[in-house]
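A short write-up of the structure that comes next.
The values are calculated or read from the model by the stated rules, or taken from the named source; none is laboratory data. Predicted, not measured: the structure shown is a model, and the values here were computed from it. Here the Cβ positions follow ideal geometry from the backbone for every residue, glycine too, while neighbour counts run over all protein chains shown.
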There are 2 protein chains.
Amino acid sequence: MKIMEFRHILEKKNLDAAVLYNSEFPRINPNMVYFSGYTGLGMLVIPKNKQPFLMAPEMEFQKAKKSMVKKVYSMQKKRFFESVSDIIRKNGIKAKNIAIDRNNFTLNSFKYFKKSFRKSKFRDVSLDCTKLREIKTNKEIEYLKTSCNCADKIIQKTIKNFRDFRTESEAAAFLEYETKKFGLELSFNPIVASGSNGSMPHHEPKNEKIKSGLCVIDFGVKYNGYCSDITRTICVGKPKKEEISMYNLLLKIQNGTINQIKENKKCSELYDFVNKNLGKYKKYFTHGLGHGVGIEIHEMPNLTLNSKDKIQNNMVFTIEPGVYFPKKYGIRIEDTVLFKNKPIVLTKTSKDLLII
Amino acid sequence: MKIMEFRHILEKKNLDAAVLYNSEFPRINPNMVYFSGYTGLGMLVIPKNKQPFLMAPEMEFQKAKKSMVKKVYSMQKKRFFESVSDIIRKNGIKAKNIAIDRNNFTLNSFKYFKKSFRKSKFRDVSLDCTKLREIKTNKEIEYLKTSCNCADKIIQKTIKNFRDFRTESEAAAFLEYETKKFGLELSFNPIVASGSNGSMPHHEPKNEKIKSGLCVIDFGVKYNGYCSDITRTICVGKPKKEEISMYNLLLKIQNGTINQIKENKKCSELYDFVNKNLGKYKKYFTHGLGHGVGIEIHEMPNLTLNSKDKIQNNMVFTIEPGVYFPKKYGIRIEDTVLFKNKPIVLTKTSKDLLII
């Protein structure tokens, strides 16, 4: 995606080429994936005035050939960083000023990398990459819509079958099975957090009986590499009065927040809106309001208290207020939302409190 | 694990404390997990002469409290790195010489981190950590045995049901479902590579009909955070003569390699043994012979051509020779092996060529 725009940035910053690195599995560099579609070990070179090329070890060569990059070199894993510099020179690229992604380069990898580029200067373009990725192309929006649509179908099927699951793990396994069956990936490990487990926003499903009461289900898939993200809170057995009123308050706030979204709206103002409406409960809202969604499950923009980001056309992000009462219960309601002149909710599963 | 040994290393190297960092999900720092059991965002401080403590953002606080570390601080995500330095000082720790893990610190994170430690010197202890992890404790060996045992059961059930799967994705989904159902994690995304797909060692299962012929299934689970790794190649329909003889050659080599393992054996010699026995086919063996297995699916020792590692007591590693004929087929046979006075194969699923 947006290779031309990126090359334009290199040109403007007087950088000869960008060298992006996918290090050991499973630490994938999302910026490299964005420009190349390649998820294996390797390096991507994007010269400012030439076509990009990819370098991959022999065992990943066939996979690399199937990426969006036309020119692929096979290289020895042992001489990896040396070969990069050789190939760059053979391609007649002056590598005096090199753009790197400092968010996806470890101290040690960079130490070895720069040994092969002793005369070069390096400049960080990580922010340029994430900024490019923040505004989605039409193609990306199509992928994200399909991703949300798949997540909707799978979470609905899971909720429908919920009575069949004995443990949180079984419910999580079902979400995953339905995902993988269709050749999709998870965008993160599903959260199924029943009863008091729901008070931990990042609870890992346990192989223990599902507790009665509220149950938070947080789930998303990857379609063509693009993430979706949805959370629904359902109730196993009869909810307490307090739980119902808390749920309805949060739902009203979640819908209200989505209605507040307009172009150039500050993300921090959306967060403020939630806090104001939560009133005395705001101390139980312990995480951000949302995050951009794309190749990464968490990307720009940030919808937090201190965010400087503003809503722009073609951004895709989550709106996910939550309240967590330690050792009691938790509620979170989350949608993935596209902003295109107006907010368009991409995850369409019903938000009425479902009692099963 | 091995906190005392690690503190002893700090003492010897005249380092005041180690500061290890788990950055954004899903980029977990395995060394931090090893010492703390904590997998969320946060920092772990291990002073040379005091008990370790953990710092986690508010939303991960409850999870952090459940880790192996007794002392946990909650901190603001925004002032993360500043707070680390505050808390270290409050604990009366002289932070003049700080140990860091340069393999798990990105250039940008470190840039911000060191701003709060202007007068400190930093020293890399990544190799010390991986070296500690290379030799397993008895507790770790128990976890790894159970992990392999679970992987065996699940791969056997999958192979038994293989005729029911229409696509590679369905088979992969089944492996995953059985894993998650019991509250286990995958140690990596399973590989199910049928027919010509088998010629790509890291093929991702496709939502396409399983091709007849050889099919590579590479799978592993995590039990209590510890990985297992097993590959079996089965045959869907009648195998060709060439495929049978190639399979039998590889199996003989795999078993032969395991029999070669003894204390102080050079890993590179084991690799040589495979190459020698593959003869004219050695050019189709395009990856390493194996890798250590523990908290990470790939850790020390390295069983490659150029490895300097030697087999030691209480190491756990894979033996996985493979041959890959481009656009035709692939075969890989892999076991997880413990060395304890002799090689003990932990994955016990039959290696006879199964025709289904």
Criterion: over 24 Å from B:Ile28 (Cα atoms) and either of a type in the set (S, T, N, Q) or assigned by TED's automatic domain parsing to the domain that holds B:Tyr73 (or both) - qualifying residue of B:Lys157, B:Lys94, B:Lys153: B:Lys94
Residues (over 14 Å from A:Glu334 (Cα atoms) and assigned to a loop (DSSP other than H, G, I, E, B)) located in segment A:219-253: A:Asn224, A:Gly225, A:Gly237, A:Lys238, A:Pro239, A:Lys240
Filtering segment B:4-36 down to residues that are outside any strand (DSSP E or B), more than 12 Å from every other protein chain (Cβ to nearest Cβ) and of a type in the set (A, V, I, L, M), which residue is surrounded by the most Cβ atoms within 10 Å (Cβ to Cβ)? B:Met32
Can you find a residue in segment B:258-276 that is closer than 25 Å to B:Ala151 by Cα and surrounded by fewer than 14 Cβ atoms within 10 Å (Cβ to Cβ)? yes
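Can you tell me which residue among B:Lys66, B:Lys78 is in contact with a Leu (Cβ under 9 Å, 6 or more places away or on another chain), surrounded by fewer than 17 Cβ atoms within 10 Å (Cβ to Cβ), over 24 Å from B:Asn14 (Cβ atoms) and of a type outside the set (Val, Ile, Thr)?
Working: B:Lys66 fails: in contact with a Leu (Cβ under 9 Å, 6 or more places away or on another chain).
Matching residue, one of B:Lys66, B:Lys78: B:Lys78.
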Just one of (1) more than 30 Å from B:Gly37 (Cβ to Cβ); (2) within 14 Å of chain A (Cβ to nearest Cβ); (3) in contact with a helix residue (DSSP H, G or I) (Cβ under 9 Å, 6 or more places away or on another chain) trips up B:Ser268, so point out which. (3)
Criterion violated by A:Ile356 - all others in (1) at pLDDT 95 or above; (2) not assigned by TED's automatic domain parsing to the domain that holds A:Thr233 satisfied: (1)
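Hey, can you tell me all the residues within segment B:104-139 that are within 14 Å of chain A (Cβ to nearest Cβ) and without any contact (Cβ under 8 Å) to a residue 60 or more places away in the chain?
B:Leu107, B:Asn108, B:Phe110, B:Lys111, B:Tyr112, B:Lys114, B:Phe122, B:Asp124, B:Leu127 - these are the residues of segment B:104-139 that are within 14 Å of chain A (Cβ to nearest Cβ) and without any contact (Cβ under 8 Å) to a residue 60 or more places away in the chain.
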All positions within segment B:69-100 that are of a type in the set (D, E, K, R) and within 9 Å of another protein chain (Cβ to nearest Cβ): B:Lys77, B:Lys78
Is it the case that some residue within segment A:206-214 is within 10 Å of another protein chain (Cβ to nearest Cβ) and either under 24 Å from the mean Cα position of the chain (by Cα) or of a type in the set (Lys, Arg) (or both)? yes
Just one of the numbered conditions (1) aliphatic (A, V, I, L, M); (2) away from every other protein chain (no Cβ under 11 Å); (3) surrounded by 22 or more Cβ atoms within 10 Å (Cβ to Cβ); (4) touching a helix residue (DSSP H, G or I) at 6+ places or on another chain (Cβ under 7 Å) is not true of B:Ile234; which one? (3)
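Which of the following residues is more than 7 Å from chain B (Cβ to nearest Cβ) and more than 15 Å from B:Glu176 (Cβ to Cβ): A:Glu168, A:Glu185? Explain how you work it out, then say what you get.
Working: A:Glu185 fails: more than 15 Å from B:Glu176 (Cβ to Cβ).
Going through A:Glu168, A:Glu185 in turn, just one is more than 7 Å from chain B (Cβ to nearest Cβ) and more than 15 Å from B:Glu176 (Cβ to Cβ): A:Glu168.
Go through segment A:64-86 residue by residue and tally those that are closer than 25 Å to A:Asp128 by Cα and of a type outside the set (Phe, Trp, Tyr).
Applying the first criterion (closer than 25 Å to A:Asp128 by Cα) to segment A:64-86 yields A:64, A:67-72, A:81, A:84-85.
Still in the running and of a type outside the set (Phe, Trp, Tyr): A:64, A:67-72, A:84-85.
Residues meeting the conditions: 9.
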Considering every residue within segment A:149-170, establish whether at least one is among the polar types (S, T, N, Q), farther than 30 Å from B:Phe174 by Cα and part of a helix (DSSP H, G or I). no
